[in-house]
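The values are calculated or read from the model by the stated rules, or taken from the named source; none is laboratory data. Since the structure is predicted, the reported quantities are computational estimates derived from the model, not experimental observations. With ideal geometry, Cβ positions are generated from the backbone for all residues, glycine too; neighbour counts draw on all protein chains shown. Side chains are part of the model used for accessible areas, which takes the heavy atoms of the whole protein and leaves out ligands, DNA and RNA. Shrake-Rupley method; radii C 1.70, N 1.55, O 1.52, S 1.80 Å.
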Amino acid sequence: MDKNAEIWRHYYGKALSRPHLKRTEFAVQFNESNLKVATDCGCGTGSDIQYLEQQGFKVHGFDINSDSVAICRDRFGSNSLVKISESSFESFDYPTSGVVVANSSLFFADPDRFETTWRNIKSSIEVGGVFAGDFMGVKDSWAKNYRSPITYLSESEIKRLFNEFEIVRFYERDEKAKTALGRMKHWHTYSVVAVKRI
């Protein structure tokens, strides 16, 4: 098994016990689109999928990691409201959604194709629908020396992505803290919840 796969497997082992993010609840509350379809980008072990499905959403979850996909298919295989795909950000066919979550996942989108990826995500969100997710900032220690290319953006670049949205929550994290696997790093991320207006 390559080192990368081993690290992700260890991470998923820890992530399985984590509940969904409060931000996902927040996104559901702000969804004015009346469309009960959600997309979970980089769905990991499926904690947000579970919450969304419990709220009556048809959920499309995808992840590029086959371990993650296997875990989610085990969890939700018999659930007709949940569809799990093994896919990258670049190749996923985004369905029209009322809620799109990308919690701690968009960092791993291919930086050379991020503009197209973001256009696909943005156009999949119904007017009145909500995006909730994280972006990596320029000061994060993973921005330039991670084991694969990372998409990192400045605050103004992130805000520009949301010119057709009303930003309802924007939070910057800039601190040294541990990763899920207990390693210290400098975190610089921006968390956004925004409602599509156009």
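For segment 52-198, the dipole from Cβ point charges (+1 on Lys and Arg, -1 on Asp and Glu) about the Cα centre works out to 300 debye, to the nearest 20.
Calculated mean residue ellipticity at 222 nm for the chain: -9000 deg cm²/dmol, from DSSP H runs with n ≥ 4 weighted as -39500 (n - 2.57), summed, divided by the residue count and rounded to 500.
Among the listed pairs K144/K185; K122/K159; K83/K159; K22/K122, those with a Cα-Cα distance over 24 Å are K83/K159.
Expressed as a fraction of 2.2 N^0.38 Å, the C-alpha radius of gyration for segment 63-131 is 1.17. Springs between Cα atoms under 10 Å define the GNM used for the chain, and in it the highest mean-square fluctuation of A177, A143, A132 occurs at A177. Normalised by 2.2 N^0.38 Å, where N is the number of residues, the C-alpha radius of gyration of segment 148-197 stands at 1.38. Backbone phi angles across segment 107-121, fed through the Karplus curve with coefficients 6.51, -1.76 and 1.60 (θ = phi - 60°), yield HN-Hα couplings of 4, 8, 5, 5, x, 6, 10, 5, 4, 5, 4, 5, 4, 5, 5 Hz in residue order; Gly and Pro are listed as x.
Would you mind telling me the antiparallel percentage of the DSSP bridges in the chain, rounded to 5? About 50 percent, rounded to the nearest 5. Projecting label points 7 angstrom from Cα along Cα→Cβ for I167 and E155 puts them 0.8 nm apart. Solvent exposure of E32, expressed as accessible area, is near 100 Å², computed with a probe of 1.4 Å over the protein chains only.
For the chain, the fraction of alpha-carbon pairs lying more than 22 Å apart is 45 percent, rounded to a whole number. Taking every alpha-carbon pair in segment 102-154 and binning the separations at 5 Å intervals from zero gives 4, 19, 27, 25, 13, 7, 3, 1 percent.
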